[in-house]
Amino acid sequence: MRTTRWVRRSGAPRLEFGADYNPEQWPREVWDDDVRAMREAGVTIVSLGIFSWARLEPADGAFDFGWLDDVLDLLHANDILVDLATATASPPPWLTAAHPEILPIDRNGNTIWPGGRQHWRPTSKTFRTYALRLVRELATRYAEHPALCAWHVSNELGCHNIYDYSDEAAQAFREWLRSRYRTMDALNHAWGTAFWSQHYGDWSEILPPRIAATQPNPTQQLDFKRFSVDVLRDYYRAEKAILRELTPDIPVTTNFMVAGAVKDIDYTDWVDEVDFVANDHYRHPGPQSLDELSFSANLTGNLAGGEPWFLMEHSTSAVNWQPVNVAKRPGELDRDSLTHVAHGSDAVSFFQWRQSRAGAEKYHSAMLPHAGTDSAMFRSVVALGERLRGLAFVAGTRRKKAPAAIIFDWQSWWAAEQDSHPTDRLLYRREAVDWYTAFLNAGVRADVVPVTASLTDYPVVVAPILHVIPADLGARLTTYVQNGGHLVTTYFSGIVDENDHIWLGGYPGPLRDALGLRIEEFAPLLDDEQAELDNGTTGTLWTDRIEVAPDTEVLASYKTGEMAGRPAVTRHPFGAGSAGYVSTRLGPDGITPVLAEFLSRAGVTSELPPDLRGRVELAVRDNVRFLINRTDDPIDLGPDGRLAPRGVAVLR
Ligand code: GLA
């Protein structure tokens, strides 16, 4: 059972405001300017030391904490809290020179060399020995420092180094498989090794899914993903154990990456590891950019079980790692920050405080830009700080449960996008975000919940591309419908079990009865093909050849071509509820009317007045309502005032 803690501090509740702070990139005299400007901006907290290993331990076992003492004292003297990193994210050159065996190996057998960051094998015992020594030194030195309010383990664990195919990883993978399967027979069954002469006779024969002559075993690939997450979790626990031993009163966290296409870590059960959830999020340009931000914040809030979480990083404006790094438009700094707050964040923190002068991130925006404090950016940051101070009443409030949920499942994301499938064009998260956009268009709140969440209180549950449905999940979903829930799912859902084995007898095996349909064959579409539906929408990517039960209602049929007359969207009354099915990719515009019909059949209505639906996102924390302008135009809120373009109103 998880017990949530928060950064250690006294005083009235407030929203924290801050950034990653990298003073080691600047001469000492700049630090004084930094804290002066931090005070002006109302910065309450910084994350410190994330990439400082080489400065803290310039040579093997020779520690230099003097400069960090100085920074911590300076910050404390200025009432700024420190979320202190364990500084283990990136090993220093002396370490990789002495121990090149800690460098990861990619699937082609190439070494990942130093020169960037995070070049360490998650399974490396040598790396762990050195990293844990540093953690112990740091925790011992700063245990009593009054600025220390939280520990920040490593940084974005797995961001660059999650998959390592070295011999050391192979050995650890075998041990992991042994504890998962116990016997060779069980592994051979799970991996379906009767196929292509893959039968294993001994654990020592097993390797990570290195570059192979053709498609590697799909279950081996899935298990390697699961293993790689578990290894990082184990590493996190090793750091945490030391921090707990030496500083039991200081909460420990690490920054998740629930954002866009970052898919390698299944965070579903990571929340049990952290004292409070922290997340990093960066937007990608595009028509659903804001919806995706809201989706990620929403999912983070539900991973945190509805409790407050910590937005550890986002950007004040452009990033530096996209093909084209778009600057934020007026209003977006506040709107993005407050959208995270609306979904439960009690902190607004950025990468980074002062824009770097050198290094790979010098074009990444920051709170204090190259131009200095006399800049529109800094003035906007100061204004945001002031606004957040005025919103202190939000701190500590919980997300209010929505009338609908979207199930999010990393296992289905991984499995549905593996190779050798009916199409390689399918994108799991895109489909989920499309449904989320449709909810926003309808003005109906939906919680984006991990697949393990209890569904019983949600009148409507949407499960987009829920590809992996183990028997117990199939039973849980069926019971949910039987007991009166309204489930909607899509193409390529319920196809395989946890071993990536097909459910036989017609798709989607575990949901066939509830859905009142049976699919004998998938019929994916080529890029230049479309499927017209008789409700005026158009499908792409996928179609299914569906047979429906006599009591299944066909809400829309295919209109043209081979599929003409076949069901496309269906709804089946089952027990006290219903189960709906959408067999093609409708995109946000096509899903919007289809969802509206499912919602109205389920009796779920918008909490917003009709003229605001679609234009405004509503998010609720206890008694606080957030109205977020999804458009570039001003919006009249009647008695509640007026929303500026891209503006956010926070109402009590
Ligand atoms: C990640 C990292 C930061 C920084 C930002 C840039 O989130 O944690 O150190 O590199 O990306 O967007």
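Legend: residue pairs LYS263/LYS400; LYS362/LYS401; LYS263/LYS401, Cα-Cα distance threshold 32 Å; pairs beyond threshold, LYS362/LYS401.
Using alpha carbons only, the radius of gyration of the stretch 99-148 set against its Kirkwood radius gives Rg/Rh = 1.16. Between ALA471 and ALA186, the C-beta separation translates, for a Förster distance of 22 Å, into a calculated FRET efficiency of about 0.85. Look at the Cα gyration tensor of the stretch 1-86: its axes a ≥ b ≥ c give a/c of at least 1.5 with a/b at or below b/c, and that counts as oblate.
Note on LYS125: lysines with a C-alpha under 24 Å away, same-chain residues under 8 apart excluded, are LYS225, LYS240.
Have a look at the DSSP beta bridges in the chain and tell me what percent are antiparallel, nearest 5. Roughly 45 percent of the beta bridges in the chain run antiparallel, per DSSP.
Secondary structure note: in the stretch 17-126, about 20% of the DSSP beta bridges are antiparallel. Projecting the Cα atoms of PHE173, SER197, ASN155 onto the charge dipole of the stretch 105-263, computed from C-beta unit charges around the Cα centre, puts ASN155 farthest toward the positive end.
From the alpha carbon centroid of the stretch 53-101 to that of the stretch 227-257 is 18 Å.
The Cα atoms of the stretch 152-297 give a gyration tensor whose axes a ≥ b ≥ c have a/c of 1.5 or more with a/b no greater than b/c, which makes the shape oblate.
Here the stretch 548-591 is scanned for amide nitrogen atoms under 13 Å from the site 7 Å beyond the Cα of GLU521 along Cα-to-Cβ, giving 562-563. Per-residue ellipticity at 222 nm from helix content only, as computed over the chain with -39500 (n - 2.57) for each DSSP H run of at least four residues, stands at -9500 deg cm²/dmol.
Close amide H pairs (under 5 Å, H built 1.01 Å from N) link ALA405 with ASP447, VAL460, VAL461, VAL462, residues at least 5 positions away or on another chain.
Listed values for the stretch 300-315 are Karplus-derived 3J(HN,Hα) couplings in whole Hz (6.51 cos²θ - 1.76 cosθ + 1.60, θ = phi - 60°), namely 4, x, 7, 4, 7, x, x, 7, x, 10, 10, 6, 7, 9, 7, 10, and x replaces Gly and Pro. Fully extending the segment from ASP69 to ASP528 would add 159.0 nm, taking 0.36 nm per residue of separation and subtracting the current Cα-Cα distance. Taking label points 7 Å from Cα along the Cα-to-Cβ direction, ALA644 and ASP202 give a separation of 7.1 nm.
Charge dipole (Cα centre; +1 on Lys/Arg Cβ, -1 on Asp/Glu Cβ; no other charges) of the chain amounts to roughly 1040 debye. Each part reduced to its alpha carbon centroid, the stretch 386-423 and the stretch 316-358 end up 19 Å apart.
A full extension of the chain between VAL554 and ASP611 corresponds to an added length of 17.4 nm, given 0.36 nm per residue minus the alpha carbon distance.
Here ASP269 and LYS125 are evaluated by their C-beta separation; at R0 = 22 Å the FRET efficiency comes out at 0.35. Label positions at SER600 and ASP79, each projected 7 Å from the Cα along the C-beta direction, are separated by 5.5 nm. Taking amide H as placed 1.01 Å from N in the peptide plane, the amide H of ALA568 sits under 5 Å from that of ALA556, SER557, TYR558, each at least 5 places away or on another chain.
The phi torsions of the stretch 341-346, fed into the Karplus equation with coefficients 6.51, -1.76 and 1.60 and a -60° offset, translate into couplings of 4, 4, 9, x, 6, 9 Hz, rounded to whole numbers, with Gly and Pro shown as x.
Maximal additional length on extending the ASP632-ARG141 stretch stands at 171.7 nm, based on 0.36 nm per residue less the C-alpha distance. Remark: the stretch 27-38, residue by residue, has Karplus-estimated 3J(HN,Hα) of x, 3, 5, 5, 4, 5, 4, 4, 5, 4, 5, 4 Hz, where x stands for each Gly or Pro and the curve is 6.51 cos²θ - 1.76 cosθ + 1.60 at θ = phi - 60°. Each residue in HIS340, HIS421, HIS152 was given a count of other beta-carbon atoms within 10 angstrom of its own, and listing them fewest first yields HIS421, HIS152, HIS340. Among LYS559, LYS362, a tally of other beta-carbon atoms within 10 Å of each Cβ gives an order, fewest to most, of LYS362, LYS559. Indicate the gyration tensor shape class of the chain (rounded, prolate or oblate), computed on the Cα atoms with a ≥ b ≥ c the square roots of the eigenvalues: a/c under 1.5 is rounded; otherwise a/b larger than b/c is prolate and the rest oblate. Verdict is oblate for the chain.
Here, each number is a calculation from the coordinates, and none is a lab measurement. Computed from a predicted structure; not experimentally measured. Cβ atoms come from the backbone with ideal geometry, glycine included; neighbour counts cover every protein chain shown.
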